[in-house]
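The values are calculated or read from the model by the stated rules, or taken from the named source; none is laboratory data. All values reported here derive from a predicted model rather than from experimental measurement. Here the Cβ positions follow ideal geometry from the backbone for every residue, glycine too, while neighbour counts run over all protein chains shown. To get the accessible areas, we keep the full protein, side chains included, count just its heavy atoms, and leave off ligands, DNA and RNA. Shrake-Rupley method; radii C 1.70, N 1.55, O 1.52, S 1.80 Å.
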Amino acid sequence: GGGGMTSPDRSADKAPAAVAVPAPAVPTDAEVRAYLKAHPDFLLRNPELLSVLTPPTLQRGDQVVDMQGFMLQRQRLELEKLQAQHGELIGTSRANLVSQARVHGAALALFGARSFEQLIQTVTTDLAVMLDADVATIAVESAEPMKPKLRNQGVQILKPGTVEDLFGPERDVLLFEEIEGDPMLFGDGAGLVRSAALLRLRVSAKSPAGLLAIGTRAPGKFHVAQGTELLNFLGRTVAITIAQWLDLPA
């Protein structure tokens with residue numbers, strides 16, 4: 001009848017049905033093969049996959065790739081690389097020990113000098129042999145000509161300011177991998193020098209600036225990548241012994 005009431009339509013209150021999200025497409029075997037053919041270095045760029053892939057059994061045939069052989073070859077290369085690095089580390093350690101023994105032996109010889117003249121002779125004559133080098137000299141700044149006796153002993157004269165110009169305010173060791181020896185530093189032995197180390201000699205605030213120059217005929221004997229602790233020690237040893245013989249304050 002006309003007086004009847006109809007039920008309200010509640011369809012609008014219902015939550016919308018969830019929209020199904022399609023799962024990502026999984027590449028087919030053919031697509032994987034095509035991708036790997038187009039990117040043959042894929043396993044090299046993603047080596048971690050070797051630990052999860054199931055390799056084929058050891059078979060031989062023109063159409064069968066030996067994945068186990070590939071993995072073994074990669075492991076062999078890694079092992080050879082580690083062995084080479086280990087060998088380099090051992091070689092470097094042995095070389096450092098040899099260098100340390102040479103520098104310590106040179107320091108003992110310097111401390112054993114019985115006079116200032118013998119000290120200078122030890123530095124300019126014996127030190128090169130002790131360090132497996134070819135030339136060693138002491139160079140000192142002076143506005144006056146060098147005394148003939150010291151010059152004859154291998155002491156070089158430098159213009160005032162030369163040491164600061166070479167080293168700057170901070171550095172005490174300079175290493176040169178491949179150079180031509182400078183007669184100003186190495187005197188008559190400059191022609192032999194192809195690699196060199198220069199050590200600032202901080203003898204005393206009361207003494208002129210100076211340096212110890214060590215040169216070798218072998219290019220690369222000294223190089224900027226090597227440590228300078230032993231050379232610093234040697235420079236300090238020379239400076240201290242000079243100051244002691246000349247009775248100079250620190």
### Task
Kindly list, by first and then second residue, each pair from a residue in region 195-206 that is in contact (Cβ under 8 Å) with a residue 12 or more places away in the chain and part of a strand (DSSP E or B) to a residue that is open to solvent by less than 10 Å² (accessible area, probe 1.4 Å) and hydroxyl-bearing (Ser, Thr, Tyr), limited to pairs with Cβ atoms under 9 Å and residues at least 6 apart or on different chains.
195/216; 196/216; 197/216
#### Entry: Hits in region 224-236 - residues which are part of a helix (DSSP H, G or I) and either open to solvent by 80 Å² or more (accessible area, probe 1.4 Å) or more than 20 Å from residue 181 (Cβ to Cβ) (or both)
229, 230, 232, 233, 236
### Task
Select from region 176-194 the residues that are assigned to a loop (DSSP other than H, G, I, E, B) and among the hydrophobic types (A, V, I, L, M, F, W, C) and list them in ascending order.
179, 193
#### Entry: Within region 228-250, tally of residues that are among the β-branched types (Val, Ile, Thr) and touching a residue at least 60 places away in the same chain (Cβ under 8 Å)
4
### Task
Give region 196-208 a look and list any residue that's out of contact with any Leu (no Cβ under 8 Å at 6 or more places or on another chain) and closer than 21 Å to residue 122 by Cα, or say none.
202, 208
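Residues are listed down the side, and each one gets a yes or a no for (1) open to solvent by less than 20 Å² (accessible area, probe 1.4 Å); (2) over 22 Å from the mean Cα position of the chain (by Cα):
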{"position": "175", "(1), (2)": "no, no"}
{"position": "180", "(1), (2)": "no, yes"}
{"position": "199", "(1), (2)": "yes, no"}
{"position": "210", "(1), (2)": "yes, yes"}
{"position": "222", "(1), (2)": "no, no"}
{"position": "238", "(1), (2)": "yes, yes"}
### Query
Of the residues that make up region 195-202, is at least one closer than 23 Å to residue 112 by Cβ and not hydrophobic (A, V, I, L, M, F, W, C)?
yes
### Message
Looking only at region 167-194, count every residue that is under 21 Å from residue 240 (Cβ atoms) and modelled with pLDDT of 90 or more and tell me the total.
### Response
5
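Yes/no matrix, rows are residues, columns are (1) in contact with a Leu (Cβ under 9 Å, 6 or more places away or on another chain); (2) at pLDDT 85 or above; (3) not β-branched (Val, Ile, Thr):
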position	(1), (2), (3)
88	no, no, yes
94	no, no, yes
110	yes, yes, yes
114	no, yes, yes
162	yes, yes, no
165	no, yes, yes
### Query
Hey, residue 147 hits all of (1) at pLDDT below 90; (2) crowded, with 19+ Cβ neighbours inside 10 Å but one; which does it fall short on?
(2)
